[in-house]
Structures are given as C-alpha cells and as structure tokens.
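The values are calculated or read from the model by the stated rules, or taken from the named source; none is laboratory data. Since the model is a prediction, treat every value here as computed from it, not as a measurement. Note that we place each Cβ from the backbone using ideal geometry, even for glycine, and neighbour counts take in every protein chain shown.
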C-alpha cells in the first residue's frame with residue numbers, strides 16, 4: 001500500500017506545479033491557482049475534484065512532461081460558512097490554456113453547483129484556447145457558455161479576472177452575474193489584432209483592455225482591485241449579500257443599528273436648491289445599517305449609483321440618481337447599469353430601494369443616435385418585471401419620463417414616499433412657464449417679475465409632492481429625518497410580498 005500511496009502523492013505533486021512555476025507567477029505580481037483558492041475559501045474547507053485529469057491530446061504537447069489537472073483546479077469548499085464551487089485556472093500548466101478536458105472539468109463543477117444550489121466562481125488566468133487541440137478547444141468554450149446560460153438567475157455566478165482573458169474566453173465572464181478585475185489583468189476579444197496594435201501603435205495593454213478600462217469605460221467589469229488578495233477579499237464580501245440560489249433569501253444578519261434611528265443630517269446633506277449637487281452616497285450611508293454600502297459598477301455610468309446594503313439586517317439593493325454627475329440625468333450607460341442590477345436583485349430575492357432625484361433623460365444627438373429610447377426602455381422593463389419589494393423615496397426632482405421609469409406606481413412600485421421639497425412634474429417650473437406662458441411674459445410690463453409670479457404659481461399648483469399624494473401616486477410625504485424608519489417599516493410589511501406575471505415562455509426585453 002505504501003508504494004501506491006507514494007505514487008499517488010507524486011502524481012498530485014506534479015499537478016500542483018513546481019517551485020519554479022510558483023516563482024514565475026509571483027514575479028508577475030500574481031498568486032498561483034492554489035494560493036488564490038486558499039485565500040478565497042474558509043481555511044481547511046476546500047475539496048478538489050478531478051485532480052488527476054490529463055489533456056486528451058498529450059502527444060501534441062511538444063514532448064513536454066505531462067501535467068495532471070490540465071491547467072485548472074476545480075472543487076468546492078466554504079466561504080463564510082456556505083458551500084461554493086470554484087474553477088481556478090493554473091497559468092503554470094500550458095499557460096492555463098483551455099482544451100477539451102480542461103473545459104470538461106469546468107463544466108462539471110458548474111453543473112454540480114447548479115444541481116446542489118451553490119454559487120460558482122471562475123478564477124480566470126489563461127492564454128485562451130489551446131491551439132494544439134483546435135476545434136475541441138472551441139467546443140469546450142461553447143459548453144461553458146451553455147452552462148453559464150443554464151445557471152443564469154438560478155445560482156450566483158462570479159468571474160474573477162486575475163491575468164489574461166482573451167478571445168472566446170471573454171464571453172463566459174460576460175454571461176455571469178459579476179466580473180472582478182485586478183489592475184494587472186486584461187480582457188481582449190481579438191488577441192492577435194490587439195498584440196499587433198500594441199506593437200505598431202505604441203498602445204499599452206492597459207489602454208486597450210486592462211482592469212481600469214473595463215471598469216471605467218466599457219462597463220464589462222463591476223469591481224476593480226489593486227491585486228489578487230484585495231480582489232478575492234472583495235469576492236468574499238459580495239457573497240455575504242447574495243443567497244446561495246434563487247430559492248433562498250439573502251443572508252440575514254441581526255442588526256446593531258437602531259431601526260427607529262432618525263437621520264436629521266439628511267436635511268443638511270441634500271440642498272433645498274435643486275440646482276446644487278450633492279453626493280447621494282452620503283444619503284445612502286446615512287439611511288442603511290451601520291453606514292455600510294457595497295457599491296457595484298462604481299467607476300462606470302457614475303450618474304447612477306447601485307449596490308448592496310442592509311436595512312434592519314435584511315439585504316437590499318439600492319438604485320439612486322447621482323446629482324454630482326450629469327445632474328443625475330439618465331443616459332444610455334446608466335439605463336444599462338441600472339437595468340442589469342434591478343434584474344439581478346429580482347432574480348435573487350433582494351428588495352429594491354430607489355432614491356430618486358432625476359431631472360430626466362439626457363438629451364442630445366449622441367444619445368438619440370446611440371439608442372437612448374431602446375436602452376431607456378430596459379429600465380422600464382426591469383422595474384416592471386421585478387416582483388421583489390420595491391420601495392422609493394423622491395429626494396428632490398422627479399421630472400417627466402424619468403419619474404415613470406424609476407419604480408413608479410405604474411410599474412408596480414409597492415410603497416413610495418417623497419420629501420416635502422420634492423418636485424414631481426412633467427418638467428421644472430421655469431421650463432413649463434417658458435412653454436405655457438411665453439406670450440404673457442413677453443407682453444408684461446415687467447417680464448422678470450411676471451416670470452417669477454408664474455413660476456411660483458406653477459410650483460404651488462403642480463410642481464410639489466402633494467398633487468401626486470392627492471392622486472395616490474405616492475403613499476406619503478415624509479420628513480427627511482424619518483427616511484430610515486419609514487423604509488424599515490415599509491420593508492418589514494413588504495417582505496411577505498407574493499406577485500406573479502402572466503404565464504409565458506419569456507418576455508422580449510429591449511436588448
């Protein structure tokens with residue numbers, strides 16, 4: 001038996017890689033596949049599967065010694081005490097390239113995660129398709145994509161880009177719920193062309209497909225971290241807000257923060273003057289438990305803020321206009337960002353709290369040509385489709401179509417509130433006067449005084465929260481300092497919500 005055990009240990013030692021492999025990875029500023037797993041999972045909980053899998057086409061490996069595991073470590077363990085499956089690509093084995101058996105290992109781990117109702121995490125560090133295996137490698141990618149689609153909305157899927165991710169490999173992360181990137185990781189759709197551009201045009205990899213580019217410009221990445229360690233700790237934090245699957249509720253944590261706590265500081269954070277900006281993150285942190293807000297897509301489409309927090313111990317998803325950027329107007333990117341987040345919250349039973357301060361959709365030729373109508377409709381569809389509790393507070397402005405889009409009663413919003421300074425109308429009073437009473441202003445003896453009079457009259461009659469409250473379009477007008485306690489009570493009653501839509505195969509959401 002000792003001889004058999006010795007042989008087994010030798011094979012597993014080869015699978016783990018050599019000291020040189022570890023050193024090479026560290027020189028790049030990256031951890032090894034196993035070190036990443038050790039950091040991600042609770043100590044001593046990880047169990048590897050398919051450890052001794054070998055490449056199908058070993059004869060094409062240029063005579064190099066065989067490496068077991070075929071360039072990816074798969075298995076399961078616990079994160080914060082909950083079961084999670086993982087596939088961690090091993091760049092020390094054939095560059096982490098994906099071949100048939102490599103793909104089979106990943107698909108098997110994904111199918112097990114789906115069967116057992118556990119989140120799945122892919123740690124990506126690969127040179128892409130294994131050229132020596134040709135179409136078998138491409139077929140492997142297709143099976144992974146299909147597994148991503150099958151698991152979508154059933155179990156949380158998280159992609160972590162910790163090195164290169166090129167060619168067809170980029171589509172699996174794009175199909176998952178969240179994408180993390182480090183500053184020295186890369187994603188490219190066309191590998192050879194990108195390399196040529198870098199060589200001929202003196203363009204850096206960072207400028208073409210680095211973590212910052214995809215976090216700030218393309219929106220492919222939801223989170224950016226400086227290195228592997230920080231990135232994996234962020235993944236652990238994200239999982240603390242997500243359920244294991246769509247049949248469970250998100251993790252509840254008994255609150256320390258007083259549910260009846262009043263927030264008088266809100267009256268100082270948000271200026272009465274609708275033209276003055278403020279950081280809506282301050283409002284969010286003031287209202288939620290312990291001021292903790294886990295923002296998603298922080299660097300992309302900054303005119304809208306989305307992320308996770310807790311309210312009286314329950315996980316919520318927050319969607320808020322950001323007056324600091326584009327005055328909080330909704331543009332194409334903001335529509336896409338918010339719609340994805342809303343649908344994700346709905347898939348995983350996370351109530352949505354909307355904080356509205358929006359002057360409307362961003363005007364302009366670029367927006368019209370870019371499809372603001374089609375993309376803006378994504379938000380409408382997402383809010384209408386969501387059956388989780390939907391709560392809203394109008395902080396200041398709520399104009400035009402933007403009012404309709406953001407969790408209004410017409411889109412099945414559950415409990416909606418407004419502060420007493422809120423302006424709810426088709427447009428601002430000054431714009432309305434310019435259109436409706438232009439001739440009266442021009443013919444007045446004192447046009448400036450007449451304009452002020454008409455603006456004040458319009459605000460009194462139309463541009464305030466009491467008209468909407470009188471029509472039942474909002475449920476109450478509240479003092480800003482009561483925002484937290486009101487939302488806590490609204491959430492408490494709506495957590496038992498049960499709502500269904502007309503039966504159908506699936507809707508046709510604007511794409």
Practice task
Look through 325, 288, 270 and report the one residue that is farther than 14 Å from residue 483 by Cα and surrounded by 17 or more Cβ atoms within 10 Å (Cβ to Cβ).
Solution key: 325
Exercise for the section: Name every residue in segment 422-433 that is part of a strand (DSSP E or B) and at pLDDT 90 or above, in order of residue number. Expected result: none
Exercise for the section: Could you run through segment 284-293 and say how many residues are in contact with a strand residue (DSSP E or B) (Cβ under 6 Å, 6 or more places away or on another chain) and under 17 Å from residue 324 (Cα atoms)? Expected result: 1
Completion exercise
Among the residues of segment 111-132, the number that are closer than 26 Å to residue 25 by Cα and buried (at least 23 other Cβ atoms within 10 Å of the Cβ) is 9
Exercise for the section: Would you check which residues across segment 209-233 are crowded, with 18+ Cβ neighbours inside 10 Å and not in a loop (DSSP other than H, G, I, E, B) and list them? Expected result: 209, 210, 211, 213, 214, 215, 223, 224, 225, 228, 231, 232
Fill in the blank from the handout: Just one listed residue, out of 325, 296, 280, is touching a strand residue (DSSP E or B) at 6+ places or on another chain (Cβ under 6 Å), more than 29 Å from residue 110 (Cβ to Cβ) and assigned by TED's automatic domain parsing to the domain that holds residue 397, and it is 280
Handout entry: Residues of segment 392-421 classified as part of a loop (DSSP other than H, G, I, E, B) and surrounded by fewer than 20 Cβ atoms within 10 Å (Cβ to Cβ), total
Key = 3
Fill in the blank from the handout: Scanning segment 434-475 for residues that are modelled with pLDDT under 70 and not in a helix (DSSP H, G or I) gives 437, 462
Fill in the blank from the handout: Flagged in segment 322-358 as closer than 18 Å to residue 414 by Cβ, assigned to a loop (DSSP other than H, G, I, E, B) and in contact with a helix residue (DSSP H, G or I) (Cβ under 7 Å, 6 or more places away or on another chain), in numbering order, are 351
Exercise for the section: Return the total of residues in segment 20-40 being under 16 Å from residue 161 (Cβ atoms), crowded, with 16+ Cβ neighbours inside 10 Å and at pLDDT below 85. Expected result: 1
Problem - The one condition in (1) in contact with a strand residue (DSSP E or B) (Cβ under 9 Å, 6 or more places away or on another chain); (2) more than 27 Å from residue 262 (Cα to Cα); (3) in a loop (DSSP other than H, G, I, E, B) that residue 379 fails to fulfil - result: (3)
Handout entry: For residue 53: the one exception among (1) in contact with a strand residue (DSSP E or B) (Cβ under 7 Å, 6 or more places away or on another chain); (2) modelled with pLDDT under 95; (3) surrounded by 18 or more Cβ atoms within 10 Å (Cβ to Cβ)
Key = (1)
